[in-house]
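Peer 1: Would you mind keeping the following structure in view while I ask a few things?
The values are calculated or read from the model by the stated rules, or taken from the named source; none is laboratory data. Only a predicted model underlies this, so the values are computations on that prediction, with no experimental measurement involved. So basically every Cβ, Gly included, is an ideal-geometry build from the backbone, and we count neighbours across all protein chains shown. Quick note on the areas: whole protein, heavy atoms, side chains included, nothing else; ligands and nucleic acids left out. Shrake-Rupley method; radii C 1.70, N 1.55, O 1.52, S 1.80 Å.
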Amino acid sequence: MKIKISKLLFLIGVVCFCNPTMAQSPMPKPGTPKPVNIPAVAESTLPNNLTVAVVERKNVPLVTVHLMIKGGANVESIDQAGLANMTYSMLTKGTQSRSATQIANQIEFLGGSINTWAEWITGNAQVSVTKDKIDPAMQILSDVILNPSFKQEELDLLKTQTGDNITSSLNLPGFLASYVASVYSYGEHPSGGTLSSVEKITRSDVARFYETNVVPNNAVLIFTGDISQSQAMALAQKYFAGWKKGTGSTPNPVAKPAKKKGDVARILVVDMPSSGQASVSYFTKLGSGRVTTDKSKSVLSSDYYTADVLNSVLGGGYSSRLNQEIRMKRGLSYGARSNFDWRPDNSNFLASTQTKNESAAEVASLILEELNKLASGTLAESELLPRKTVLAGDFGRALETNRGLASTLADMYSFGVASSTLNLYTKNVQSVSEKQIKSFAGSNLPGGDIVIVGDYAIFKDDLAKRFPNMKINVVQAKDVDLTKLK
């Protein structure tokens, strides 16, 4: 068998050598992206102002229910960083009639899953089961949301686990860079908390956050899958009609960034002696957000689609520019990426990678070069078309599952954007032009912060040489105090 395979491979090699057109055939051009067609979202409202949204899809007898509540880490202070995440995590740690173990066992018995978590502007709960188990699953979900017990022993355990996780993560250069930049570059705070803030959180704090923010008039209950609007409304009425209205908290204001001058505003080095690698990141705050107001309604900003295509070109995949330049051409990293973290008004951008300490300053220069090329270089259609096609494909795949569709709809509702906008995504991405990307890049990306976490002694001289006119701010990793970062 081995001999036959060897002969076959030899013959293939001979054919390719004799006919080079076979070995070097051009890559086929990307096909035309198919538009995403989401069935109409049926909306209703309970008397307590809980919005109920339903997308019926009968292809598989599964149902996902996603409860999105406006009010996440954006309504907590830095002194109580992690409070939102801890509150939503505690919802599945016990109710007035079920222990944490009983909740887990009962949902597992139904063959389903239940999760609760917080993001920057939302809190979330999601349950997925087969169609015939939706009623008992909804009973568990409503119990978790309406009757949490917030037992002290469960809170103590969660605080210990959270603190241990933060302590461990602070030894990772990449985590520490984002942790510092949340305050230093974005004017926010770590949504997962800090060691001091988590330690101070009390049961009263959790209960107060819950009573204020986990309210129906601030929420959307989303059903996706094999369920009709009438069935979903009956379940919503049965299990959530008694949920009492509340006030909700006002999000903490984040200062709008000033007009920036120059490629880089600041360079911060978090010195971590003897670190195995260095994290090299570029952080900046955008002057625009994900939505704009049009006739008293929120609509997705055109910048959102432009930024999506820009990000795909810059650092959104293996063939992106950052990865090509830093990993493939120079072998300085296992991978480089970029990302937009959207806010309603002022959003966040990062470009990041990890490298050996000796090449940290070089990689910082390379990231800036690629950012500048977006504004001043060329973006041929031969480069844009494949990236747009990837975006359209990824978007469509994300909506194929009930969970993916429910999560995407929750994201749309969190920004107050009409769900029908989903069907416009492919078209709007395809219409993004080179001119739009260059204009967006030139207006929004320059003037951010370079943050390097690593062994400063190793790259100190090279960094000073590459950025001769920049002040290098240095803080020891062991001495990081977010309240003193400005």
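Peer 1: When you check PRO273 against the structure, is it assigned to a loop (DSSP other than H, G, I, E, B) and either farther than 26 Å from TRP120 by Cβ or basic (Lys, Arg) (or both), yes or no?
Peer 2: Yes.
Peer 1: Residues of the stretch 33-89 being part of a loop (DSSP other than H, G, I, E, B), among the hydrophobic types (A, V, I, L, M, F, W, C) and crowded, with 16+ Cβ neighbours inside 10 Å, which ones?
Peer 2: Those that are part of a loop (DSSP other than H, G, I, E, B), among the hydrophobic types (A, V, I, L, M, F, W, C) and crowded, with 16+ Cβ neighbours inside 10 Å: VAL36, ILE38, VAL41, LEU46, LEU50, ALA81.
Peer 1: Collect the residues in the stretch 368-419 that are open to solvent by less than 20 Å² (accessible area, probe 1.4 Å), aliphatic (A, V, I, L, M) and within 17 Å of LYS435 (Cβ to Cβ), keeping them in residue-number order.
Peer 2: LEU374, LEU379, LEU384
Peer 1: Within the stretch 140-173, which residues are hydrophobic (A, V, I, L, M, F, W, C) and open to solvent by 80 Å² or more (accessible area, probe 1.4 Å)? Don't jump to the end; show me each part of the working.
Peer 2: Step one: of the stretch 140-173, the residues hydrophobic (A, V, I, L, M, F, W, C) are 140-141, 144-146, 150, 155, 157-158, 166, 170, 172.
Answer for the stretch 140-173, where residues must be hydrophobic (A, V, I, L, M, F, W, C) and open to solvent by 80 Å² or more (accessible area, probe 1.4 Å): LEU157, LEU172.
Peer 1: Would you confirm whether any residue within the stretch 461-484 is open to solvent by 20 Å² or more (accessible area, probe 1.4 Å), within 22 Å of the chain's Cα centre (by Cα) and of a type outside the set (D, E, K, R)?
Peer 2: no
Peer 1: Quick check on my filter: what residues within the stretch 90-103 are farther than 20 Å from THR162 by Cα, out of contact with any helix residue (DSSP H, G or I) (no Cβ under 7 Å at 6 or more places or on another chain) and open to solvent by 50 Å² or more (accessible area, probe 1.4 Å)?
Peer 2: Across the stretch 90-103, the qualifying residues are GLN96, GLN102.
Peer 1: A further question on this structure: Suppose the filter is in a strand (DSSP E or B) and open to solvent by 30 Å² or more (accessible area, probe 1.4 Å); does GLN354 pass it?
Peer 2: yes
Peer 1: Every residue in the stretch 326-351 that is open to solvent by 20 Å² or more (accessible area, probe 1.4 Å), closer than 23 Å to ASP455 by Cα and assigned to a strand (DSSP E or B), please.
Peer 2: ARG337, LEU350
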